[in-house]
Amino acid sequence: MVDIIDRRVCAEVEGDFVVFMIGMRINKLWKVWQWSAVARAMPRMLIELFQQPDLGLLHARSHFGLRNIMVIQYWRSFEHLEAYAKNASAAHLPAWRAFNKAVGSNGDVGIWHETYLISPGKYESVYNNMPAYGLGAAGKLADAVDRRKEAKQRLRATVG
């Protein structure tokens with residue numbers, strides 16, 4: 001069972017970090033052989049990343065919808081993210097090449113990503129009656145009291 005934290009807490013990450021959102025959209029449901037191959041690639045990458053924390057992934061959480069799968073990832077730095085993406089011996093590059101060969105731009109499966117570079121003082125969060133979640137699972141949790149009680153105060157608190 002997940003431990004619920006029964007008070008207001010907020011996330012703090014030391015220094016700069018990256019929020020990377022990546023996903024796929026099934027455009028043609030009947031082409032299972034196309035989208036299932038894409039959908040199976042991400043879990044292999046996440047397993048590899050969780051088993052090797054030195055690659056820079058801090059945390060990831062998957063979200064599933066009818067036609068959409070999205071993974072929100074928190075990375076130590078853009079350099080870590082880019083190094084993983086370009087590493088020929090890691091799971092990503094072969095999966096990317098296979099996607100381009102099998103699907104490319106034929107319209108069967110859509111893929112996307114967004115990258116956000118985050119600095120101290122440029123983020124805040126609050127969680128109540130939640131387990132460690134999102135940025136709170138990627139960084140450390142602090143009680144959202146005193147200098148962390150309100151959003152504006154939490155922004156200042158992340159500066160240090």
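Laboratory data are not the source of any read-out in this text; all were calculated from the coordinates shown. Every value quoted in this text rests on a predicted model; they were computed, and no experiment measured them. Counting neighbours? That spans all protein chains shown, and the Cβs are built from the backbone with ideal geometry, glycine included.
Subtracting the Cα-Cα distance of residue 61 and residue 114 from 0.36 nm times their residue separation leaves 17.6 nm of extension gain.
Stretching residue 101 away from residue 29 to a fully extended chain increases their span by 24.0 nm, per 0.36 nm per residue minus the current alpha-carbon distance.
Orientation-averaged projection of the stretch 17-117 equals 6.0 nm² [convex hull of Cα atoms, one quarter of hull surface area].
Separation of the stretch 22-75 from the stretch 82-146 is 10 Å, based on Cα centroids. Placing a label point 7 Å from the Cα of residue 50 along the Cα-to-Cβ line, no residue of the stretch 139-158 has its backbone N under 14 Å from it.
With helices as the sole contributors, the chain gives -9500 deg cm²/dmol at 222 nm; each DSSP H run of n ≥ 4 counts as -39500 (n - 2.57), and the sum is divided by every residue.
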